[in-house]
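First comes the structure, then the notes that go with it.
The values are calculated or read from the model by the stated rules, or taken from the named source; none is laboratory data. Since this is a predicted model, take the numbers as computed values, not measurements. Using ideal geometry, Cβ is built from the backbone for each residue, glycine included, and neighbour counts are taken over all protein chains shown.
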Amino acid sequence: MLWIVIVTPKCNLKCKYCGGSIPGMADEPTYKIEELADFISKDKGAVVAFYGGEPTLRADIMKDMMDNIPAKKFVLQTNGFFIRRLGDYIHKIDTVLLSIDGREEITDFYRGKGCYKAVMKALSYLRENGYDGEIIARMAVSYKTDIYEDVLHLLKFFPYVHWQLDVVWSNLWGLKEFKEWSERSYKPGLKKLVKKWAENLENPAGIVPFLGIMTRLLHGNKRKTNLPCGAGQDAFAVTPEGKILACPIAYDFKWNILGNFEHYGRIEIKEPCKSCPYYEICGGRCLFAYMERLWGEEGFNAICDVTKFLIDELRKYKDEAMKWAGKYNYPPYNNTTEIIP
């Protein structure tokens with residue numbers, strides 16, 4: 001299973017779509033690291049992902065956890081500013097996701113001046129120090145984004161690019177603006193990007209949503225859960241207080257609190273998703289979007305619409321990709337990429 005450990009809710013940035021640090025949480029773990037290690041040791045296939053806030057603000061805690069937690073894999077989601085604090089411990093991490101939203105002007109618009117350069121420095125640091133794990137550019141996509149231009153830009157530097165849509169819980173726009181943008185920019189950009197990606201299906205570029213969706217189209221869903229991120233099913237978040245959450249972004253929601261180190265429950269996606277013909281591929285997309293219809297039913301359907309559009313565009317190339325079906329197995333483990341944007 002995937003255990004997303006919130007090392008600290010503090011963040012050194014205040015991105016436009018996020019707002020910065022998570023309010024209400026303890027600044028650092030109030031449990032003993034040994035308690036967490038004992039809890040996770042019961043899962044022999046544990047993947048531990050360090051999350052925040054910005055987890056590398058407390059690199060000391062991360063190092064302690066890596067020394068003591070018997071995880072099969074470690075993952076880090078970071079803005080890159082303080083990655084040097086990890087030193088040689090970076091080689092204990094199997095996947096690093098660096099938060100960068102595309103071209104420099106787009107990234108700095110959303111995240112603040114200098115953020116693009118900070119991530120590029122972090123990327124250089126990893127390569128100069130012989131890091132041989134998986135490196136993923138993790139984008140947040142909102143109204144300034146040109147999905148075609150921004151993804152192709154990042155692929156010049158990163159082996160993998162993933163994105164999440166800034167929808168439902170957004171500081172930047174509402175449903176009306178999202179629907180206009182999706183028709184004017186996002187769908188045409190996706191269509192163009194899929195077409196370009198499909199020019200080399202034998203050696204596909206590392207566009208994570210395309211790889212993940214094509215993997216499900218070719219091989220079906222081999223996991224016990226349909227929800228791609230696994231939230232509340234085979235992926236859980238651990239707060240600094242030792243609470244077990246289904247989803248790390250929904251700290252204050254009662255439905256999201258599943259228990260603690262002594263006992264925790266599970267949660268699942270139900271209707272209307274389970275009856276949808278896209279469910280085997282989409283899996284319900286996002287637990288939070290399913291549980292909290294902040295944009296109402298119209299908004300829920302609008303997000304489903306762009307998801308179905310992407311799946312349909314990729315489905316056009318399924319037969320061709322089948323020639324190289326063995327090359328499609330992404331993600332090889334739950335590395336926190338949700339697959340469906």
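Below, the figures for the structure above:
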| item | result |
| --- | --- |
| Matching entry among L165, L123, L154 (being farther than 17 Å from L190 by Cβ and not basic (K, R)) | L123 |
| Selection from the range 196-217 of residues that are touching a residue at least 24 places away in the same chain (Cβ under 8 Å), farther than 14 Å from V306 by Cβ and not hydrophobic (A, V, I, L, M, F, W, C) | K196, E202, N203, P204, G206, G212, T215, R216 |
| Meets criteria (basic (K, R), out of contact with any Asp or Glu (no Cβ under 9 Å at 6 or more places or on another chain) and part of a loop (DSSP other than H, G, I, E, B)) for K270 | yes |
| Test result for A37, of a type outside the set (F, W, Y), more than 18 Å from E241 (Cβ to Cβ), in contact with a helix residue (DSSP H, G or I) (Cβ under 9 Å, 6 or more places away or on another chain) and surrounded by fewer than 22 Cβ atoms within 10 Å (Cβ to Cβ) | no |
| Single residue of the range 244-259 satisfying the filter (in contact (Cβ under 8 Å) with a residue 24 or more places away in the chain and surrounded by 21 or more Cβ atoms within 10 Å (Cβ to Cβ)) that is farthest from the chain's Cα centre (by Cα) | N256 |
| Residues satisfying the stated conditions in the range 211-226, i.e. closer than 21 Å to Y160 by Cβ and within 18 Å of the chain's Cα centre (by Cα) | L211, G212, I213, M214, T215, R216, R223 |
| Check on T107, outside any helix (DSSP H, G or I), among the hydroxyl-bearing types (S, T, Y) and within 19 Å of the chain's Cα centre (by Cα) | no |
| Residue list for the range 1-43, restricted to those being among the charged types (D, E, K, R), modelled with pLDDT of 95 or more and part of a loop (DSSP other than H, G, I, E, B) | K10, D27, E28, K32, K42, D43 |
| Of all residues in the range 121-148 being in a helix (DSSP H, G or I) and in contact with a strand residue (DSSP E or B) (Cβ under 9 Å, 6 or more places away or on another chain), the one that is farthest from G80 (Cα to Cα) | I147 |
| Filter pass, M65 being touching a residue at least 60 places away in the same chain (Cβ under 8 Å), assigned to a helix (DSSP H, G or I) and more than 21 Å from V161 (Cβ to Cβ) | yes |
| Which numbered condition L172 misses (of (1) in contact with a Ser or Thr (Cβ under 9 Å, 6 or more places away or on another chain); (2) at pLDDT 95 or above) | (2) |
| Residue in the range 41-58 that is of a type in the set (A, V, I, L, M), touching a Pro at 6+ places or on another chain (Cβ under 7 Å) and crowded, with 22+ Cβ neighbours inside 10 Å present | no |
| The listed residue being at pLDDT 95 or above, surrounded by fewer than 16 Cβ atoms within 10 Å (Cβ to Cβ) and in contact with a Ser or Thr (Cβ under 8 Å, 6 or more places away or on another chain), out of E262, E241, E298 | E241 |
| Candidates V161, V151, filtered to the one that is touching a strand residue (DSSP E or B) at 6+ places or on another chain (Cβ under 7 Å), in a helix (DSSP H, G or I) and within 30 Å of I90 (Cα to Cα) | V151 |
| Residues that are of a type in the set (S, T, Y) and either in a loop (DSSP other than H, G, I, E, B) or out of contact with any Pro (no Cβ under 9 Å at 6 or more places or on another chain) (or both), drawn from the range 188-236 | T225 |
| Residue list for the range 164-187, restricted to those being polar (S, T, N, Q) and assigned to a loop (DSSP other than H, G, I, E, B) | S170, N171 |
| Residues (small (G, A, S) and in a strand (DSSP E or B)) located in the range 44-54 | A49 |
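One line per residue, one yes/no per condition, for (1) closer than 23 Å to L211 by Cβ; (2) in contact (Cβ under 8 Å) with a residue 60 or more places away in the chain; (3) among the charged types (D, E, K, R); (4) buried (at least 20 other Cβ atoms within 10 Å of the Cβ):
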position: Y125; (1), (2), (3), (4): no, no, no, no
position: G133; (1), (2), (3), (4): yes, no, no, no
position: E149; (1), (2), (3), (4): yes, no, yes, no
position: W163; (1), (2), (3), (4): yes, yes, no, yes
position: L172; (1), (2), (3), (4): no, yes, no, no
